[in-house]
1. Based only on Cα atoms, what Rg/Rh ratio does segment 1-111 have, Rh being taken as Kirkwood's radius?
2. Nearest 5 is fine: what % of DSSP beta bridges in the chain come out antiparallel, could you say?
3. Counting only helical runs of four or more DSSP H residues, what would the 222 nm mean residue ellipticity of the chain come to if each run contributes -39,500 (n - 2.57) and the total is spread over all its residues?
4. Name the residues whose placed amide hydrogens come within less than 5 Å of the amide hydrogen of Asp18, ignoring near sequence neighbours (fewer than 5 apart) on the same chain.
5. Please list, in order, the residues from segment 8-47 whose amide nitrogen is less than 18 Å from a point placed 7 Å along the Cα→Cβ vector of Ser107.
6. Rank-order 18-24, 105-111 by packing density, defined as the average count of other C-beta atoms within 10 Å over each peptide's residues, highest first.
7. Along the charge dipole of the chain, pointing to its positive end and built from +1/-1 on Cβ of Lys, Arg, Asp and Glu, which listed residue (Leu35, Thr9, Gln57) has its Cα farthest out?
8. List, in order, the whole-Hz ³J(HN,Hα) value for each residue of segment 4-20 obtained from phi through the Karplus relation with A = 6.51, B = -1.76, C = 1.60 and θ = phi - 60°; use x for Gly and Pro.
Amino acid sequence: MGGNRTDRTFHSEVADGDVFVELIRPEKPNGETVLILHGLGDHFGRHEWAVSFLTQQGYSVIGLDWPGNGRSEGTRGDLPPTRLIDEFLEEILSREDVFPTGILAHSTGGFFLIHSWAETVPSFRDVEWV
């Protein structure tokens, strides 16, 4: 797959640990970004099928490994408290200066998304589809 991939691990104040985030920009961007939220015990890398499809359509893609999952620190299989999810997602998206227009959420990622949407994450202001 073509495009520019940037991954990094940074210390999350909200999660109180290091969190893995990856941003993929396609060769021919359409100006829109999709956020991918994985489920419990999963990791962003398992959604390469979606990254490939979306970047072929011109979308940039941002994904993360929830704390305790994938390449992020934390107790394996643990997740941040629901009350912190909106703040956690805003921390990541504002740090990367990304405002998604679409969100693909699987399983627990979908549960967290519903909660965050209810709490109104500022970076979700341009979301057009889920």
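1. Values: Rg = 13.2 Å, Rh = 13.9 Å.
Ratio value, two decimals: 0.95.
2. Antiparallel bridges make up about 60 percent of those DSSP assigns within the chain.
3. Values: 3 runs with 33 residues, N = 130.
Here the helix-only value at 222 nm equals -7500 deg cm²/dmol.
4. Sorted by chain and number, the residues that satisfy this are Ser12, Glu73.
5. Output list for this probe position: 36-47.
6. 18-24, 105-111
7. Gln57
8. Result, ordered by residue: 10, 10, 10, 10, 7, 10, 9, 7, 8, 5, 5, 7, 6, x, 7, 10, 8 Hz.
Each reported figure results from applying straightforward, stated rules to the coordinates on display, with no laboratory input. If you're wondering where the values come from, they're calculated on a predicted model, not measured in any experiment. Positions of Cβ are generated from backbone atoms using ideal geometry, with glycine treated the same way; all protein chains shown enter the neighbour counts.
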